[in-house]
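The values are calculated or read from the model by the stated rules, or taken from the named source; none is laboratory data. Bear in mind the structure is a predicted one, so any value in this text is a computation, not a measurement. Here the Cβ positions follow ideal geometry from the backbone for every residue, glycine too, while neighbour counts run over all protein chains shown.
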Amino acid sequence: MDNPSCFSLLTMASRSGWQVFKKNWLADPATYPVIIVMAGAVSLCTFFSARTLFTHPDVYMNPERRRMILRPDNSEQVEKYMDNWVKRHTINKEHVSFPSLNNYLLKRKLKSKGLLDDEDDDDE
């Protein structure tokens, strides 16, 4: 077998590539979190890119629609697309991280400056 076929060369290259990957990345368990994070990032990027490409009203896949000089007014469709469950859930929420910790630190700061008395403290 002096003249290997193209298929056998690709098979050997993919096997050797897999062996190199396995040796460099899978041999050390400390690389597993890196692999998981990278796989998650690639998955999320792929999902959101595909979602935008296939469902956004301003994306035109059809060549005839891409050539149109005047685009239709689809602001209602865009508004419907942008109204998702995350936006509906967070639109009326107070955007404060760790509110109880913020209140505690604010009261502590005011007490140290003498601007808040001990009887003004509601939590104790």
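Things to note:
- Subset tally (residues that are more than 19 Å from Thr52 (Cβ to Cβ), part of a helix (DSSP H, G or I) and at pLDDT below 75) for the range 66-120: 3
- Hits in the range 51-65 - residues which are surrounded by 10 or more Cβ atoms within 10 Å (Cβ to Cβ) and either free of Cβ contacts under 8 Å to residues at least 24 places away in the same chain or not in a loop (DSSP other than H, G, I, E, B) (or both): Arg51, Thr52, Leu53, Asp58, Val59, Tyr60, Arg65
- Some residue of the range 8-19 being in a helix (DSSP H, G or I), modelled with pLDDT of 80 or more, surrounded by 10 or more Cβ atoms within 10 Å (Cβ to Cβ) and among the aromatic types (Phe, Trp, Tyr): no
- Residue in the range 42-50 that is loosely packed, with under 10 Cβ neighbours inside 10 Å, among the β-branched types (Val, Ile, Thr), part of a helix (DSSP H, G or I) and within 18 Å of the chain's Cα centre (by Cα) present: no
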